[in-house]
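Below is a structure I'd like to ask you about.
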Amino acid sequence: MNIQTKFHGEKEINTDEIIKFSSGIPGFLDAKEFIVLPIEGTDLYVLQSIRSQQVAFIITDPFLIFPQYEFDLTQEAIEALEIQSENEVATFVILTVKEPFQETTANLQAPVIINLNGKLGKQIILTNTSYTIRHRIVTLEKEVAK
Amino acid sequence: MLVLTRKTKESIIIEDDIEITVLSIEGDQVKLGINAPKNFDIYRKEIYLSIQQENNSALNIETNILQNLGTFLQKKNK
């Protein structure tokens, strides 16, 4: 099928690649289907809503910018995403891109978890964590190490 | 808004399967216990609102600065 994307124009996608976010994303509860599109030549991806062209988040692998990042998935999240093994789990964080880029922040408090096999996704909100919604990606490692 | 008065250890039931119990009251702090099916996400409101707001901010990106950001990040990681 063809979809309208925010950053890649009109794009033909395979319906097998659609990831279901059954509880939506906070602020965009109607957007329940997304696709992950790589941004060529970068470590960035777009989490693009299938139905809403403008709903497209820039996401990245948090471990690339912060290798020590860690959290426990709750049993509720594991069940909601039907996760059988950790090998099928992909973790992303949403970036709030600013210019200059030094101001860009990563939301480490609410990572996006995707079950790659089941094609299920959810933005989970961590509680009892020292991570916040805005970690500067440039000084990230120093800040969290404190 | 529906207003109900409850004492410690008393509960309210929403539909058949959500139960909210007042566990303790100390000064202006109330400790609530919530039993709900696992498909209900329950958050402190201010945290949920901050995530909502940050998601909204994250959508405000110009297409042309994306590529620059990618290049910038890759240099940094090397």
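The values are calculated or read from the model by the stated rules, or taken from the named source; none is laboratory data. Remember, predicted model here, so these are calculated numbers, not experimental data. Reconstructed Cβ throughout: ideal geometry from the backbone, glycine too, with neighbour counts over all protein chains shown. Areas reflect the complete protein model, heavy atoms only, side chains present, ligands, DNA and RNA absent. Shrake-Rupley method; radii C 1.70, N 1.55, O 1.52, S 1.80 Å.
Among the residues of segment A:83-96, is any more than 11 Å from the chain's Cα centre (by Cα), within 19 Å of B:E62 (Cβ to Cβ) and open to solvent by 50 Å² or more (accessible area, probe 1.4 Å)?
Within segment A:83-96, not a single residue is more than 11 Å from the chain's Cα centre (by Cα), within 19 Å of B:E62 (Cβ to Cβ) and open to solvent by 50 Å² or more (accessible area, probe 1.4 Å).
Check every one of the strands (runs of 3 or more DSSP E) wholly within segment B:1-69 and list those with 1 or more residues that are among the acidic types (D, E) and open to solvent by less than 100 Å² (accessible area, probe 1.4 Å).
In segment B:1-69, B:18-26 are the strands (runs of 3 or more DSSP E) which contain 1 or more residues that are among the acidic types (D, E) and open to solvent by less than 100 Å² (accessible area, probe 1.4 Å).
Is there any pair linking a residue in segment A:46-74 that is in contact (Cβ under 8 Å) with a residue 40 or more places away in the chain to one that is part of a loop (DSSP other than H, G, I, E, B) and among the polar types (S, T, N, Q), with Cβ under 6 Å and at least six apart or on different chains, and which?
A:Q48/A:T5
Something else: (1) within 30 Å of A:F21 (Cα to Cα); (2) modelled with pLDDT under 95; (3) open to solvent by 80 Å² or more (accessible area, probe 1.4 Å): which one isn't true of B:K75, the others all being true?
Every listed condition holds for B:K75 apart from (1).
Something else: Select from segment A:33-75 the residues that are polar (S, T, N, Q) and outside any loop (DSSP other than H, G, I, E, B) and write down the one among them that is surrounded by the fewest Cβ atoms within 10 Å (Cβ to Cβ).
Among those that are polar (S, T, N, Q) and outside any loop (DSSP other than H, G, I, E, B), it is A:Q75.
Do you know which of the residues in segment A:76-93 that are in contact (Cβ under 8 Å) with a residue 12 or more places away in the chain and part of a helix (DSSP H, G or I) is farthest from the other protein chains (Cβ to nearest Cβ)?
The qualifying residue farthest from the other protein chains (Cβ to nearest Cβ) is A:E88.
Do we find a residue being out of contact with any Cys (no Cβ under 7 Å at 6 or more places or on another chain), among the aliphatic types (A, V, I, L, M) and more than 18 Å from B:Y48 (Cα to Cα) anywhere in segment A:121-134?
No.
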